[in-house]
Structures are given as C-alpha cells and as structure tokens.
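Below: the structure, in structure tokens.
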Amino acid sequence: MERPEHNMELLCLEKDTVVRAQQDPNVFFDDRVLQSLLTIEERFLPRCPYFNHVQQDIKPFMRRMVATWMLEVCEEERCEEEVFPLAINYLDRYLEVVETKKGCLQLLGAVCLFLASKLKESRPLTAEKLCLYTDNSITSQELLDWELVVLGKLKWNMAAVTPHDFIEHILHKLPLPEDKLSLIRKHAQTFIALCATDFSFAMYPPSMIATGSVGAAVCGLQLDRTERALHGDNLSELLAKVTNTEVDCLKSCQEQIEQLLRSSLRESQEKQQRLEQEALNRAASKGVDTQSMSQSQSSTPTDVRDINL
Amino acid sequence: MAFHKRVLRSLGNGPARRNLFGPVDREQLQQDYHTALMQDLEEASRRWGFNFLTEKPLDEGDFLWEGVAGAKVPRVYRSSTLRKGLQCSVEPTSLSEAAVSTETGSTSAGAAPSPVQSGKENVPGTPERNTNSLRDLERTPEKRSANSNMLKRKQTNITDFYQAKRRVVGTPRKSGQ
C-alpha cells in the first residue's frame with residue numbers, strides 16, 4: 001500500500017525539475033565549435049540602426065519598454081537565459097525590415113518570445129500565457145498569425161547565435177577559480193540581458209558582448225587581485241585572443257557595459273528610494289508608525305513593491 | 001539582494017502583466033497580417049519561379065519544375081503546403097489530410113489517428129473535411145498545369161492513394177503496441 005504514495009511523491013518531484021543535459025566536452029572544449037560560431041555570428045546581426053531608416057512610429061525608448069517587459073516575462077516565467085537575448089535578436093531583425101506601428105510592438109515582442117522559447121526550451125511558453133502578460137491586449141490567434149509573419153520576414157533563420165553561446169568557451173579558457181565560476185557565469189548572464197535591453201549593443205557581434213560581459217564580471221568580482229593573469233590589460237588580451245577581437249574594441253565594449261551597469265544601478269537605487277518615499281508618505285497620511293516601517297523597508301527592500309500592490 | 005535582481009530592477013515597471021502601448025487596432029492588424037503574408041508569398045514565387053496559390057510553375061524562373069506523385073512525398077510536406085494555401089485564404093484549398101483520414105477511416109475502422117489533431121498550435125481554424133481535396137493532393141503540379149480539367153475526372157492516382165493509405169494504417173501499429 002506504500003507504493004502509490006511513493007509514486008505520487010515521485011511525480012511531484014518530477015514536476016518542478018528541469019532536466020538538463022550535462023555539458024558536452026565535445027561541444028564546449030572544442031575550438032572548432034568556437035571558430036564556427038565566430039564565423040556565422042555576423043549573419044544574424046541587424047545591419048542598420050533602424051530608427052533612422054525604417055521606423056517612423058517606433059522610437060528607441062519604445063524598444064527599451066518592450067525589451068524590459070520581455071525580460072520581466074522571462075524572469076517571471078524562469079525562462080532559460082538565452083531566450084531573452086534571442087527574442088530581442090528576432091525583434092531587431094524584424095524591425096530592421098518591416099515598418100511597424102507602436103501599437104503592434106508588444107504583440108511583436110510576445111511573438112519573438114514565443115519563438116525564442118520554442119527554440120530554446122523543453123517546456124516553451126504557451127500562447128495563452130503570453131497573451132495574459134500583455135494584459136490580454138492581444139489574442140492567441142493574433143499571436144499565432146504573426147508568428148508566421150515574423151518567421152517569414154526572418155526567412156526562418158531562427159537559430160541565431162547569442163552571446164550565451166560563447167560564455168562557456170570563454171570561461172573555459174580563463175584561469176578562473178573553480179568556486180567562483182558559477183557566480184561569474186551568473187553575472188555575465190545578467191550583463192548580457194542588460195545589453196539586450198539597450199539598443200546601442202544591438203549591432204555588436206555576440207562574441208564581443210560575451211567577452212565584454214565576462215570581462216566586466218571578472219573585474220566586478222575583483223578576481224584580478226588574486227590572479228595576475230586576470231589583471232586589467234592581461235585579462236583583456238586573454239579575452240581578445242579567445243574570440244579574435246581587437247583588444248581596443250573589446251575594452252571599449254567592456255567599458256560600455258560597465259557604464260550601462262552603473263547607470264542601471266543608479267536608476268535602481270533611485271527607483272527604490274522613490275518607492276520607499278511613496279510608501280512612507282502613504283503610511284504617514286494614514287497615521288501609521290513610519291519609524292518602524294522605514295526600518296522594515298530598508299531591510300527588505302524587495303517587499304516595497306508588494307506593499308504597493 | 002541578488003546582484004541580477006538589483007541590476008534588472010532598474011528596468012522594472014510594476015507587474016509584468018501589462019499593456020504597453022494602449023489598445024491595438026485589430027482591423028489594421030488583420031490587414032497588415034494579410035499584406036505581410038501575401039508579400040512573403042510573392043517573394044517566394046519570384047524566388048522559386050512557382051505560383052504557390054495556383055500551384056503552377058511560372059513561365060520565367062531559374063527552376064525547371066517537374067511533377068512528382070503526391071503520395072511519394074512525405075506527409076509532412078503535403079500538409080504544410082496545403083495549410084499554407086489555406087492560410088492565405090485565396091484559394092479554398094481544403095486540407096488534404098482530413099480527406100486522407102476520412103478515406104482511411106472507412107477501411108481501418110478509425111484506427112488511423114486523425115492528422116488534423118496533430119497537436120500543433122499553429123494550425124489556423126478547423127480544416128473542413130473534403131474528399132475532393134484528395135485529388136488535389138495527389139495530382140502533380142506538372143500534370144495539373146497541362147490538363148487539369150481532364151484529371152479531375154480521371155482516377156489516375158488510385159495507386160498513389162493506396163500507398164498513402166497503407167502508410168496511415170501502418171503508423172499506429174508502429175508507435176502503439
């Protein structure tokens with residue numbers, strides 16, 4: 001009679017486990033794979049800044065809005081890291097060739113997420129879920145219709161190279177402390193996502209964004225203090241060699257990423273303070289003890305948004 | 001707080017579920033959708049020297065088109081071609097697969113799975129069951145362009161159909177038990 005229980009337990013466990021293949025050394029430790037990626041990556045890049053040439057209605061800040069929303073959906077749905085940059089690649093390539101009204105932009109973002117998720121995930125995002133995230137401003141049928149349109153415009157070239165494809169290759173070639181690897185990877189992935197939200201990175205080759213992100217992660221974690229080979233210029237040269245990039249290009253890319261990070265963190269902080277202030281004002285007007293509230297907020301800053309909801 | 005949370009929060013804007021740019025102009029959207037698909041189709045026609053709506057080779061083009069019996073083509077290709085035609089809603093081409101399964105059903109007592117319920121999300125609408133379409137399917141483009149009226153009456157492709165039927169009946173046995 002114990003059996004059924006065991007089965008149930010097993011099912012429950014399976015439900016939330018993402019089955020992940022082990023890293024294949026034949027793929028990640030083989031230089032030919034890296035060289036192939038470097039050869040084909042340019043094929044999937046948007047070629048012109050479409051805001052000047054193609055788009056009339058859509059402005060850079062709107063791309064940022066839709067990219068931000070897409071990233072939030074990915075975060076909330078715990079999508080694979082590659083899904084977001086890949087979807088942004090689709091979006092940019094589509095906007096490069098088709099003039100689009102801003103009213104369609106969110107639909108387009110949803111379609112790109114839909115496609116990227118199908119390509120990269122074993123359990124892809126469903127159409128209904130994506131429609132829900134647009135607050136049902138689009139229908140599933142529209143999503144499916146436009147999926148075809150986007151596929152056609154991108155000529156069904158969906159397996160674009162993303163910066164993530166390079167991360168393991170790069171990490172493998174750096175003398176990094178084993179215990180810091182996953183942290184560096186996580187930080188680099190965050191930088192890649194951050195870059196995807198910013199149009200100034202849209203036409204950079206993925207390999208450069210990847211090297212820049214790893215560089216920024218290694219510097220940011222101050223690993224250069226213990227390992228000489230990771231120190232400043234040494235690191236840049238090492239990274240440049242991995243992806244055959246010019247050292248100067250790489251350096252400037254890394255600087256741009258660090259700058260973007262700084263401004264993001266600043267914005268994040270300002271936003272946080274604004275939210276806290278708003279919460280405090282609201283609480284004060286209701287006559288709540290603001291002293292204790294401000295304390296609890298500063299210790300658990302993430303909860304502020306929940307309070308507002 | 002996790003590093004990436006702190007970084008990405010700067011971008012955040014409240015709940016992820018939100019409408020970014022106000023109401024969508026549905027009519028315009030539908031119109032744009034059809035225009036875009038037609039554009040794609042025209043482009044493909046030019047590229048391949050083939051009119052995909054009438055399923056006839058174009059006079060000028062880089063390719064010489066040659067007819068192949070429909071049943072010799074893997075099913076995947078047959079259905080998608082016809083679905084594409086259906087989607088563009090220019091020609092009332094009905095889904096061939098439905099026809100195939102209808103015919104098969106009569107002989108194999110419904111053992112064959114209906115390919116219409118293939119579980120694909122991107123199949124627009126429910127295809128009508130139309131036995132006539134089987135002939136459309138089995139006819140080859142070459143012959144069609146030559147004397148399509150005659151072919152509609154002739155049962156030239158009965159052997160092709162037999163092949164197709166056999167495959168359909170065989171499928172569940174392979175995967176089932």
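The values are calculated or read from the model by the stated rules, or taken from the named source; none is laboratory data. Because the structure is a prediction, the values reported are computed rather than measured. Reconstructed Cβ throughout: ideal geometry from the backbone, glycine too, with neighbour counts over all protein chains shown.
Assorted remarks:
- Test: residue in the stretch B:25-37 that is among the hydroxyl-bearing types (Ser, Thr, Tyr) and over 15 Å from the mean Cα position of the chain (by Cα): yes
- Residues that are among the hydroxyl-bearing types (Ser, Thr, Tyr) and either surrounded by 15 or more Cβ atoms within 10 Å (Cβ to Cβ) or under 13 Å from A:ILE170 (Cβ atoms) (or both), drawn from the stretch A:197-234: A:THR197, A:TYR204, A:SER207, A:THR211, A:SER213
- The residues of the stretch B:1-42 that are of a type in the set (A, V, I, L, M, F, W, C), exposed (fewer than 14 other Cβ atoms within 10 Å of the Cβ) and at pLDDT below 90, listed by number, are B:MET1, B:ALA2.
- Taken together, the residues in the stretch A:117-133 that are farther than 16 Å from A:THR162 by Cβ and more than 12 Å from chain B (Cβ to nearest Cβ) amount to 2.
- Within the stretch A:115-124, being part of a helix (DSSP H, G or I) and over 16 Å from the mean Cα position of the chain (by Cα) holds for one residue alone: A:LYS118.
- In the stretch A:220-236, the count of residues that are within 14 Å of chain B (Cβ to nearest Cβ), within 18 Å of A:ILE184 (Cα to Cα), within 23 Å of the chain's Cα centre (by Cα) and in a helix (DSSP H, G or I) is one or more.
- Within the stretch A:125-179, being among the charged types (D, E, K, R), surrounded by 20 or more Cβ atoms within 10 Å (Cβ to Cβ) and assigned to a loop (DSSP other than H, G, I, E, B) holds for no residue.
- Options A:LEU91, A:LEU108; residue that is in contact with a Ser or Thr (Cβ under 8 Å, 6 or more places away or on another chain) and within 22 Å of B:ASP40 (Cβ to Cβ): A:LEU108
- Number of the exception - A:GLY287 against (1) at pLDDT 85 or above; (2) at positive phi: (1)
- All told, A:LEU261 meets the bar of being within 14 Å of chain B (Cβ to nearest Cβ), part of a helix (DSSP H, G or I), modelled with pLDDT of 90 or more and closer than 30 Å to A:GLU42 by Cβ.
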